Every structure is written in C-alpha cells, then in structure tokens.
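Enquirer: First the structure, which I've put down as structure tokens, then a few questions once you've had a look.
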Amino acid sequence: MDREEFQRTYGIVGKSPEMQEIIDVIQQVAPTDITVLISGESGTGKEVIAKAIHGASKRSQQALVSVNCGAIPEGLIESELFGHEKGAFTSAADLRRGYFEIADGGTILLDEIGEMPLSTQVKLLRVLESGEYMRVGSSSARRTDVRVIAATNKMLEYEVQQKHFRPDLYFRLRSVNIHLPPLRNRKEDIPALVELFVKETSDKNKLHFGGFTDDATELLMSYSWPGNIRELRNDIESMLVLESGKRLDSDDVRKYLREQPSVVSERNLPVVSNKTVEQAERELIYRALLDLKSNIIEMKELLTGRVSQSDDLHDHHAQPQNGNGVLTMDEMERRMISGSLARNNGNRRLAARELNISERTLYRKIKDFGLQ
Ligand SMILES: Nc1ncnc2c1ncn2[C@@H]1O[C@H](COP(=O)(O)OP(=O)(O)OP(=O)(O)O)[C@@H](O)[C@H]1O
Ligand SMILES: [Mg+2]
C-alpha cells in the first residue's frame, strides 16, 4: 500500500513532511509486534495513529483494547489491567478478567501511560518482557500475547527525572517513539483538515456551507491551535452548525477560537519535526515554558483582581506566602486549580484538560487543598 492509500484507509490527513515521515514509520512498524510509544500534545492524533497501527497489523481481526491509565483510580488499576481472583479484596465478589487477558491475540493501547503508578509499571515491564502477568490475589503466572501501544502527552523523560516513571520501562517503551508535532508546527496540513471537517459536518448534519473569506482562511492558518486537531474539528463543527449557510469571515471565525491571539509570539520558536527525540523534547520544554509564562500572567491578573477585591489575603490560608511576601508553590497551585474550576463551571474533566493534568491528579489536589 502506498502512503496515500494508507492515509485514505485510516483517515489520516497530512501532507507535511513531518506527517509523511510518520506514515512511513507506521507502515514499517505496524506489521511487527514491536512496542510503540506515541507522544504528542493533546488532540494531535495519538489515538488515530494507534488505530492505524493496529489496523495495519496482523492482529487487526482481533480486539484493540484502549485503557486510559489516567482515569482509573490508583487502587483499581492493577485489577483492571490484570484481573483479579474471586475474593482477592473486599469488593471482589467475582473473578474478573483483566484487559491484558481480554486483549489476548490483539493490541492494547495504554493511554496516558505517564499516569501509571510505579508499582503497576513493574508489572507492565514484566508483561512486555515475558508476556507473563498475575491476576490480583493469585500467585500463578498467566501468559498473554498482546501488542502494546502506549500514548502520552507528558514529557516522560521529565517524569523519569522526577522519579514518577521507571527508567527501565521508559527505555523499553521509547525504542520506537512516534512524536506527533503540534498543529502549529505543520500548518500546511490545516487546509486539508478544514476541508475534511467541513465535509464531514455538512454531510452529517445536511448543512449548506457558504465558504470562508480569504481573511477567514488566513486566520485559520495563523492561529496557534493549542488544542490541536481536536480543537480545529470542534471549532469547524460549531461554526458550520451555528452560522449555517453563511459565508464566514475572520470575525465570525474568531468568535469560536479558544485563545485570542497569544501574548507570547510563537512565531519565533524553531520549527520542530519528529526527526529526533531530542528535538521533540526540546519542543515540549518550549511549550512548558510558554505555558508557565501564560500561567504567570494569569496569576498576576488573578492576584491584582483579588487584592483589589479584598485585603484579607493573609488571613485565610495557612502560610500562603513565605517571609519575603512571595506566594508558596502550594498556594499558587491551589489558586490555579480553583481558577480553572471556576472558569469551567466546576467541570473537573475540562479543568484537568485545561491544566494539562490527569483527572485523577486533579481529584487528589482538590482533596489535598480542601477545595470541595
Ligand atoms: N491526521 C489526522 N487526520 C484527520 N483527523 C485527525 C488526524 N489526527 C487527529 N484527527 C482527529 O482529531 C481528533 C483528536 O484526535 P485523537 O483523539 O487521536 O488525539 P489524541 O492525541 O489522542 O488526543 P488526547 O491526548 O487528548 O487523547 C479526533 O477527532 C481525530 O479524528
Ligand atoms: Mg487520545
């Protein structure tokens, strides 16, 4: 199958050199059983790529089981993955088959792998190395034949440095690393994606699309798309439905963009492709710095707003500032979380997404900070 046919088969739009290179890698690794790590910001298409790898593999007739490691409570993750024996713990009334057992013969996608607890990581490494695992509450090893694809929007190397992620598992996973560059670094892919989403939305909803003016197209091309392809898809869908039939100009389009032109110009950043892991990681660091900068700006606004509203900053919280009047990290974090929850009307899923942390981490912090 040539590249174009492959992309058509799996619905992967992208003519940029970065995407073309990724397609080549996928076509090479798909037929093997090799473990693949897919990294990239939220909404860059990690799941789409995982599905293509499974679809083009010899396991395509078997199941692709997706597990979101960030959404399962820590105490349950092992029994979800490996199953448990009847009576293994208080609530284990029946025997339960785990995902590694269910996926036998097929593929398992471990999404948000950076959220996997360290104790579970050891067991995952064992399955990767020997195909063996144990149900919770059992002492006999079972075998499974599963191909593992892992996905992450975290910088795993940083997680390793922070001792949240085992280095041996990290090296094992990253032997084949497909890094999906953010959409702002492959802008030439935008027109074809817009065309696809326009077609999908108008077909699905039987809508007439009135077209974009030149300045609207220019805006779609120059916007930074922090939520990547998912954001583009959602925005196009909303625009078409809510502005049905109209020819859309840049003012119409701007209303739907999540972020108004950013404070920090991203144009000066180096364009990074998926060529090397180092480049990819550098790019993630830049992104983190940008996020930090906009967080600081947000914090400043929040603080000036608060100080003018009330002068009781010192009274409410335990030690919000150190001796020099500087906010503590905990206090900053607490305020960011409560700000994000307020902005998202208390919706934790959306707040977690905005803060780029897992829902589980957000729940824990809400509890730690007594925010509920
Ligand atoms: N190359 C592509 N061509 C066409 N559509 C794409 C492409 N990449 C992603 N999409 C679409 O964009 C949306 C987001 O993709 P996907 O769910 O794979 O992202 P993700 O990286 O897994 O995001 P998250 O980290 O938030 O889970 C989906 O609707 C998907 O169909
Ligand atoms: Mg995903």
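Enquirer: Return F82, F369, F100, F171 ranked ascending by Cβ neighbour count within 10 Å, so the fewest neighbours appear first.
Expert: So the residues, fewest neighbours to most, are F171, F369, F82, F100.
Enquirer: Can you put Y363, Y99, Y170 in order, fewest other beta carbons within 10 Å first?
Expert: Ascending number of Cβ neighbours within 10 Å: Y363, Y170, Y99.
Enquirer: I've got another one for you. Give the cross-link partners of K204 among the aspartates and glutamates, using a straight C-alpha distance below 16 Å as the criterion and excluding same-chain residues fewer than 8 apart.
Expert: Candidates past the 8-residue exclusion: E195, D235, E237, E243.
Enquirer: With θ taken as phi - 60° and the coefficients 6.51, -1.76 and 1.60, list the Karplus ³J(HN,Hα) couplings across the range 237-246 in order, rounded to whole Hz; mark glycine and proline as x.
Expert: Ordered by residue, 3J(HN,Hα) equals 4, 4, 4, 5, 6, 7, 10, 3, x, 7 Hz.
Enquirer: What are the aspartates and glutamates whose alpha-carbon lies under 12 Å from the alpha-carbon of K365, with same-chain residues fewer than 8 places away excluded?
Expert: D330, E331, E333
Enquirer: Could you list K15, K123 in order of exposure, starting from the residue whose Cβ has the fewest other Cβ atoms within 10 Å?
Expert: The fewest-first ordering by Cβ neighbours comes to K15, K123.
Enquirer: Pairs to check: K86/K123; K206/K255; K15/K154; K15/K163. Give those whose C-alpha atoms are more than 32 Å from each other in this structure.
Expert: K15/K163
Enquirer: Please work out the C-alpha center-to-center distance from the range 81-101 to the range 188-262 and express it in whole Å.
Expert: Rounded to whole Å, the Cα centres lie 46 Å apart.
Taken together, the values in this text are just the output of simple stated rules run on the coordinates, not laboratory data. This one's a predicted model, so the numbers in the text were calculated from it and none came from an experiment. Using ideal geometry, Cβ is built from the backbone for each residue, glycine included, and neighbour counts are taken over all protein chains shown.
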